[in-house]
Each structure stands twice: as structure tokens, then as C-alpha cells.
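What follows is a single structure, written as C-alpha cells, with notes after it.
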Amino acid sequence: MMISRNGENDERQPPIRSQRFFKLHNFWFFATREGAAVGPFDAHEGAANAVGDYIEFMEKADDSAREFFTPGAKFAV
């Protein structure tokens with residue numbers, strides 16, 4: 001079952017989303033559509049499982065929480 005992202009048309013094929021996962025210094029990370037790298041994880045499986053948690057979080061988070069994951073965004077410490 002294909003699930004489209006917000007703003008994507010169900011009638012066309014979704015864009016290829018390669019390179020979401022990457023390994024750096026023996027640790028795995030995943031890239032978000034906001035441009036952030038999330039990790040580190042000891043295994044690719046850990047990073048893959050965390051994507052679902054990240055998506056769920058982003059769907060429920062308010063704007064200020066989502067802004068934290070946007071590179072270059074200003075946020076209070």
C-alpha cells in the first residue's frame with residue numbers, strides 16, 4: 001500500500017527517496033525531509049525502526065518542536 005506525503009498526488013508515482021540512511025564512523029543515521037540527520041544508531045535496523053517514531057513525533061509535535069529539527073532554525077535554549 002502506497003501512502004502519499006502531504007501535498008503529493010496519489011495518481012503519480014512518489015519521488016524516489018534514496019539515501020535516507022547513511023553510515024558514518026560505524027554508526028547509522030537517517031536523514032529527514034527537513035534536512036536533519038538523526039542518530040547515531042548501532043545498526044541500520046535501529047535507524048530504520050526509528051524513522052517510524054520520528055514521523056509519529058513530527059505529526060503530533062507543535063511548530064516550535066518541529067523547528068528544532070530544521071537546520072538553521074532559531075530556537076531558545
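The values are calculated or read from the model by the stated rules, or taken from the named source; none is laboratory data. Just so it is clear, the structure is predicted and the values come from calculations on it, not from any experiment. Methodologically, a virtual Cβ is constructed for each residue, glycine included, from the backbone with ideal geometry; neighbour enumeration extends over all protein chains shown.
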* For region 5-14, state whether one or more residues are part of a loop (DSSP other than H, G, I, E, B), surrounded by fewer than 10 Cβ atoms within 10 Å (Cβ to Cβ), among the polar types (S, T, N, Q) and modelled with pLDDT of 90 or more. => no
* Structure fact -> Among (1) on the phi > 0 side of the Ramachandran plot; (2) at pLDDT 85 or above, residue 19 falls short only on (2)
* Residues in region 42-57 that are in contact (Cβ under 8 Å) with a residue 12 or more places away in the chain and closer than 24 Å to residue 72 by Cβ: how many? -> 4
* Residue list for region 33-43, filter: modelled with pLDDT under 95 and either exposed (fewer than 13 other Cβ atoms within 10 Å of the Cβ) or out of contact with any helix residue (DSSP H, G or I) (no Cβ under 7 Å at 6 or more places or on another chain) (or both) -> 33, 34, 35, 36, 37
* Asked: Any chance region 27-48 includes a residue that's on the phi < 0 side of the Ramachandran plot and touching a Leu at 6+ places or on another chain (Cβ under 9 Å)?
  -> yes
